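The values are calculated or read from the model by the stated rules, or taken from the named source; none is laboratory data. No experiment lies behind these values; they were computed from the predicted model shown. Cβ: placed from backbone, ideal geometry, glycine included. Neighbour counts: every protein chain shown.
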Amino acid sequence: MGKKYLLVIAITTLVLSIIFIESKILNSNDFIETFASRNLSMGSRGNDVAELQNRLQLVGYYSGNIDGVFGYQTLYAVRKFQNDFGIKVDGVVGTKTREILQNNTKNQANKKTEVVTEQNNANEHFSSNDLKLLANAVYGESRGEPYIGQVAVASVVLNRLKSETFPNSISGVIFEPRAFTAVADGQIWMEPNDTAKKAVQDAINGWDPTGGAIYYFNPNTATSGWIWTRPQRKQIGKHIFCD
Amino acid sequence: MIMYKKIASWLLPVLVISLVVVGYWGYSEYKISNTLYNNSESQYQRAFYELSYYIDSVEDELGKSIAVSTPGQIRRSLANVWRLSYAAQSRVGQLPLGTMEFTETEDFIARVADFSYRAAIRDLDNDPVSDEEWETLKTLYQCSLKIQGQMNTLHNEVINKQLRWTDFELNYVNLDENIDNPIVKNFNSLEDEVTQFPEVSWGTGIDSINQIKQEKIKRVSNGEIFSEKMIKDKVVKFLDLEPDKQFKIIKNPDGGEYVTYSVYVTYSDENIIYLDITEVEGNILWLLHDRVVGKPAIDLQEAESKAVEYLKKLDVENVIATNIDDYENIAIISFASYENNTVIYPDTITVKIALDNGEIIGFSSIEYLLNHNKRDLGEIKLTIDEAKKKLNPKLQVEEQRLAIIEADDGIEVLTYEFIGTIDENTYKIFLNVESGLEEKVEKVDQIGIQRVFNNY
């Protein structure tokens, strides 16, 4: 009896460890798989781009950061590589470019490339921390609202940045005393969900459902009479957006 | 009786002890809230004192600027006016003024900052301060004296009557009603004073930007007015909706510059199409399709050609991708008009593509609609090689082409666009084709905007 149990345990362990190892191999295959499958071009992101950058660096064409973002530096490196190796110079890493690059970095590029995440300089105006703060504000102010209403709240903050009569930074606008109730009652410090983050992304990418509004209020709870005198642009969910 | 006595004998100490405990708790709560009160008050007082200081200094520097004559001194004065008024603006944003009417004054300070900045960065050696600008500076000085006077009165009152900004914040929730409070009164009279300021000639700057904006708005507000029925038909056709598909359409108030309708097409809670469409000509300003996007199945080049195909539906042709970015299974591609081998940056249209099936799940064409028109821009006087010589010699130029951009004053200019690198950084430099001046320099970061959320 005891022996049988032992055998069962041994077999189970063996099977489990095989599955475990297999899945590990599969995972790393996945990684190579992605590099081998999709075409990479300007704007691509991911570990496959990092691997591309790594390989280009090994052959001396790329000196920038291995950041997994196919930007101008990567583009120019790819073009030079294509030019030197007689491939059509289109800046796109397709089957042919990939093959030649892999052949030239055969024994060197086996190590897995890790993407170095950089937090600074999210775009010309905002840092990633600013955007996180904006997502916090959107979540604190409008989490029960329809998606488009959340994009609208983010847009109001961004519109205030452009206005002469408001502070010139995201934090300045959000923390202006009396500006947002979520700041006053601390709801801004709740962890925002994906919807709020998505809404912030759409707003910074240029979608402004408010058409340039710099105020909004809830008509059921607004205590100020002044806010009603502002020219209104539209109502989304519970909020009226105005100038 | 004995029982009551017994109870009383232990109840009394319990009561005493709980009284002591509650008393201690209350006292420490009071101490904490008192500390917080003082902290908040010091922040407000500091912002207020600094505001007064900066307004004093703006007055001082403006006074100097009308007296000095060498370009170097004028530049120094104007740069100081700009710096100090900018600082004053930021202190205003730190005070609990809320919705109190203060916009005229803020606007005025912003204009002073803008005017002095534009004059200070100009080549004053070749283009000295004109008589008109000197008059403007003189008027601004007179105005700043009045603002300073009013601020001074308020400041004295705050000190003499021991006014507390924190009390002001707590006691007056609505600042728009008639409140008998020295802070409100003084701010109101300051605001009144500013509205009575004489007309100031601001030169190019805010005014010209506003004027250009009005011209742009005409492009979307002149034309045939569509009825609600026509708008509905257009939406059904554009989105290819089934004839019996119900959707919500709302006419927005005409508070904005042009009347729009908002359309909501709901398939489920997680699958909704939102769009705004103008009443004039029924132009779709933007569309967002909020839905779950699955694993990527197409690459960015396919995404780009899908987007170009889609833009034809909007009568947008001859475009070039100016920025491509992907994040979380979505590609965001910005396009600009491309005519006569020239990139026309103001005609921007941004498209959002779901990489799971290549469907377009959003676009924003407001900028395109506002800017797109027949252009007749200055002639090319410099050859591209001549222009190239004017670049920073350390810049390794990788690409060059013609481009129309909006300069700082909002006016469109024809430029040579050079994209190049210095060490690890990439730059876009725009040189005026007539004068060879650097109209605009951008540092192009490799890291796009969307990436930030990976760090959550």
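Taking the criterion of being aromatic (Phe, Trp, Tyr) and within 38 Å of the chain's Cα centre (by Cα), the residues of segment A:222-241 that qualify are A:228, A:241.
Among the listed residues B:90, B:9, B:57, B:18, which satisfies the condition of being in contact with a helix residue (DSSP H, G or I) (Cβ under 6 Å, 6 or more places away or on another chain), part of a helix (DSSP H, G or I) and polar (S, T, N, Q)?
Numbers: B:90 fails: in contact with a helix residue (DSSP H, G or I) (Cβ under 6 Å, 6 or more places away or on another chain); B:9 fails: in contact with a helix residue (DSSP H, G or I) (Cβ under 6 Å, 6 or more places away or on another chain); B:18 fails: in contact with a helix residue (DSSP H, G or I) (Cβ under 6 Å, 6 or more places away or on another chain).
Being in contact with a helix residue (DSSP H, G or I) (Cβ under 6 Å, 6 or more places away or on another chain), part of a helix (DSSP H, G or I) and polar (S, T, N, Q) holds for just one of B:90, B:9, B:57, B:18, which is B:57.
Look at residue B:306 and say whether it is within 26 Å of residue B:338 (Cβ to Cβ), away from every other protein chain (no Cβ under 12 Å) and without any contact (Cβ under 8 Å) to a residue 12 or more places away in the chain. The answer is no for residue B:306.
Within segment B:93-114, the set of residues being within 17 Å of residue B:146 (Cβ to Cβ), more than 7 Å from chain A (Cβ to nearest Cβ) and not in a loop (DSSP other than H, G, I, E, B) comprises B:104, B:105, B:108, B:109, B:111, B:112. Apart from one condition, residue B:191 fits all of (1) outside any helix (DSSP H, G or I); (2) surrounded by 15 or more Cβ atoms within 10 Å (Cβ to Cβ); the exception is (1).
Can you name every residue in segment B:236-260 that is more than 10 Å from chain A (Cβ to nearest Cβ) and either in a strand (DSSP E or B) or closer than 18 Å to residue A:242 by Cα (or both)? Matches in segment B:236-260: B:248, B:249, B:259. Does residue B:108 meet the test of being in contact with a His (Cβ under 8 Å, 6 or more places away or on another chain), surrounded by 10 or more Cβ atoms within 10 Å (Cβ to Cβ), in contact (Cβ under 8 Å) with a residue 40 or more places away in the chain and closer than 30 Å to residue A:184 by Cα? No. Based on what the data block shows, is residue B:325 within 13 Å of chain A (Cβ to nearest Cβ), under 29 Å from the mean Cα position of the chain (by Cα), over 18 Å from residue B:275 (Cβ atoms) and surrounded by 15 or more Cβ atoms within 10 Å (Cβ to Cβ)? Taking the combined requirement at face value, the residue satisfies it.
Checking each residue in segment B:413-434 for being surrounded by fewer than 21 Cβ atoms within 10 Å (Cβ to Cβ), more than 14 Å from chain A (Cβ to nearest Cβ) and not in a strand (DSSP E or B) picks out only B:434. The one condition from (1) surrounded by fewer than 16 Cβ atoms within 10 Å (Cβ to Cβ); (2) of a type outside the set (Ser, Thr, Tyr); (3) within 14 Å of another protein chain (Cβ to nearest Cβ) that residue B:89 does not meet is (1). Within segment B:344-367, residues that are within 13 Å of chain A (Cβ to nearest Cβ) and of a type in the set (A, V, I, L, M, F, W, C) have Cβ atoms under 7 Å from residues that are in a helix (DSSP H, G or I) and surrounded by 23 or more Cβ atoms within 10 Å (Cβ to Cβ) in these pairs: B:349/B:368; B:351/B:307; B:353/B:303; B:353/B:307; B:355/B:303, counting only partners at least 6 apart in sequence or on another chain.
The residue that is nearest to the other protein chains (Cβ to nearest Cβ), counting only those in segment A:66-86 that are assigned to a loop (DSSP other than H, G, I, E, B) and surrounded by fewer than 18 Cβ atoms within 10 Å (Cβ to Cβ), is A:85.
To keep it simple, each residue is scored yes or no on (1) in contact with a Ser or Thr (Cβ under 8 Å, 6 or more places away or on another chain); (2) within 14 Å of chain A (Cβ to nearest Cβ).
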site: B:16; (1), (2): no, no
site: B:24; (1), (2): no, no
site: B:30; (1), (2): no, no
site: B:41; (1), (2): yes, yes
site: B:51; (1), (2): no, yes
site: B:71; (1), (2): no, no
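Within segment B:437-456, if we keep just the residues that are part of a loop (DSSP other than H, G, I, E, B) and surrounded by fewer than 17 Cβ atoms within 10 Å (Cβ to Cβ), the residue that is modelled with the highest pLDDT turns out to be B:437.
Within segment B:115-137, does at least one residue satisfy the condition of being within 14 Å of chain A (Cβ to nearest Cβ), touching a helix residue (DSSP H, G or I) at 6+ places or on another chain (Cβ under 9 Å) and more than 16 Å from residue B:53 (Cα to Cα)? Yes, segment B:115-137 contains a residue that is within 14 Å of chain A (Cβ to nearest Cβ), touching a helix residue (DSSP H, G or I) at 6+ places or on another chain (Cβ under 9 Å) and more than 16 Å from residue B:53 (Cα to Cα). When segment B:261-281 is filtered for residues that are surrounded by 16 or more Cβ atoms within 10 Å (Cβ to Cβ) and facing chain A (nearest Cβ under 9 Å), the ones remaining, listed by number, are B:262, B:272, B:274, B:276.
Put simply, of B:154, B:140 the only residue that is assigned to a helix (DSSP H, G or I), touching a residue at least 12 places away in the same chain (Cβ under 8 Å) and under 28 Å from the mean Cα position of the chain (by Cα) is B:140.
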